[in-house]
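Notes follow the structure.
The values are calculated or read from the model by the stated rules, or taken from the named source; none is laboratory data. What you see is a predicted model, and the numbers here were worked out from it, not measured in a lab. Note: ideal-geometry Cβ built from the backbone for every residue, glycine included; neighbour counts use all protein chains shown. In case anyone asks, the SASA skips ligands and DNA or RNA and just uses the protein heavy atoms, side chains included. Shrake-Rupley method; radii C 1.70, N 1.55, O 1.52, S 1.80 Å.
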Amino acid sequence: MLSLPALKRTAFLQPLCNLQRHHFSDSAQKARALPQRVFEGPNLRPSIVIQNHHIDSTRWYDFEQHPSDIYVNTPAKAGTTWTQEIVGQLLYNGDLPKYANTESIHDISPWLALSIRPKQDVLGNLQQQLEKKNIQRRMIKTHEPVEAMPFHPECKYIVVARDFRDIVWSLYNHYSQITDAAYAILNDKNKGYSFKPLPKFNFEDGSFTEYDLFKMMLTEPDDDGNPDGGPWWSQLWVIGSWWKIRDLPNVKLVHYANLKEDLAGSMRSIAEFCEIPIDEERFDYIVSLCTFESMKARSVSPIPKDAPFFKDRSKFMNKGQTGRWQTVLSDEDTEKYRTVARRYLDDEGIRWLETGKLN
């Protein structure tokens with residue numbers, strides 16, 4: 001295993017004034033029915049705060065970045081766990097127990113801004129990783145726009161996207177598995193900030209369907225000033241923020257459809273971007289660990305085995321399919337979603353979000 005040279009830790013306080021900004025095309029602006037979301041762009045310190053039932057982005061203020069850090073940045077249910085597994089298996093040569101002293105990458109790759117874990121536990125774990133010789137590099141997942149987290153020009157930011165309609169269908173399954181114990185923690189009124197609680201629905205009797213969630217996420221405001229995203233937060237806002245900085249050299253776009261189509265090729269591309277050397281003799285085995293079938297069989301999940309937060313932990317990795325919405329949504333439904341998407345993405349971005357294809 002090849003180790004990186006020691007890198008100096010730095011505290012970051014000043015904005016990245018020289019980062020290139022990307023603007024929507026005139027044609028997209030004319031077609032937009034909703035006001036355009038204003039993006040501040042990346043900074044060494046977060047420029048906005050997100051606080052809701054899941055996220056408290058003020059946690060980033062107490063986090064010290066390291067130039068070797070890798071970030072997996074995604075909307076919810078877009079391939080986060082999959083990409084974490086890919087990066088983790090590449091970093092530790094397909095043997096997490098031997099090299100990282102853990103069975104699960106999620107023990108060392110947290111969602112830092114998740115509000116339900118004690119902040120000092122998360123930050124302490126990440127700080128300790130810098131001092132452990134067996135930890136190659138830290139990997140942190142996010143479900144926030146770039147403005148809500150620190151952005152360092154030497155860190156690596158992998159941006160994972162998935163068709164918004166597939167996200168909704170996958171999120172519906174996730175939502176249906178949340179337990180009363182999880183609702184109690186997520187909606188705890190003693191978090192120190194106000195937010196709209198995550199509502200409960202009856203998922204068993206057919207009174208609340210994937211289509212109902214689809215409509216809600218396009219029309220119900222979130223806690224962050226967006227006209228969409230409720231009862232969660234705007235996933236289109238998240239991906240739109242990262243899309244606008246896609247040309248920065250330390251940002252890499254990855255799409256769920258491309259992972260499904262060519263997993264090995266996608267993994268090689270991710271390894272090259274992250275500067276992770278590949279052991280060719282073990283590469284095929286490493287790829288096999290990262291297939292959906294292998295991950296589901298091993299119940300790969302960020303939810304601890306003993307945590308009472310998910311009704312059936314094996315369903316965290318549910319179907320891994322795309323296009324299940326096709327028998328439900330009409331062309332009019334798709335156009336309504338695209339109208340909302342144009343608040344955050346230009347036409348090229350929407351095409352990429354839906355297909356994984358770049359012009």
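Summed over the stretch 127-149, the residues that are over 18 Å from Ile303 (Cα atoms), in contact (Cβ under 8 Å) with a residue 40 or more places away in the chain and not in a loop (DSSP other than H, G, I, E, B) give a count of 5.
Given the options Pro97, Pro118, name the one that is open to solvent by 30 Å² or more (accessible area, probe 1.4 Å), under 29 Å from Ser269 (Cβ atoms) and without any contact (Cβ under 8 Å) to a residue 12 or more places away in the chain. After applying the criteria, what remains is Pro97. Here Val328 qualifies as of a type outside the set (Asp, Glu), open to solvent by 40 Å² or more (accessible area, probe 1.4 Å) and at pLDDT 95 or above. Any idea how many residues of the stretch 50-75 are open to solvent by 70 Å² or more (accessible area, probe 1.4 Å) and either at pLDDT below 95 or not in a helix (DSSP H, G or I) (or both)? The total comes to 1. Of all residues in the stretch 300-314, those being polar (S, T, N, Q) and either farther than 22 Å from Ile108 by Cβ or open to solvent by 40 Å² or more (accessible area, probe 1.4 Å) (or both) number 1. In the stretch 119-168, what residues are within 28 Å of Gly240 (Cβ to Cβ) and among the small types (Gly, Ala, Ser)? If the condition is that a residue be within 28 Å of Gly240 (Cβ to Cβ) and among the small types (Gly, Ala, Ser), then Ala148, Ala161 are the ones that fit.
Would you confirm whether any residue within the stretch 167-176 is under 13 Å from the mean Cα position of the chain (by Cα) and either within 24 Å of Thr209 (Cβ to Cβ) or at pLDDT 95 or above (or both)?
yes
Scanning the stretch 220-235 for residues that are in contact with a Gly (Cβ under 8 Å, 6 or more places away or on another chain) and either part of a helix (DSSP H, G or I) or buried (at least 24 other Cβ atoms within 10 Å of the Cβ) (or both) gives a single hit, Gln235. For the stretch 344-359, residues that are crowded, with 21+ Cβ neighbours inside 10 Å and among the charged types (D, E, K, R) total 1. The residues in the stretch 236-255 that are more than 14 Å from Pro42 (Cβ to Cβ) and either touching a strand residue (DSSP E or B) at 6+ places or on another chain (Cβ under 7 Å) or surrounded by fewer than 23 Cβ atoms within 10 Å (Cβ to Cβ) (or both) can be counted, and the count is 6.
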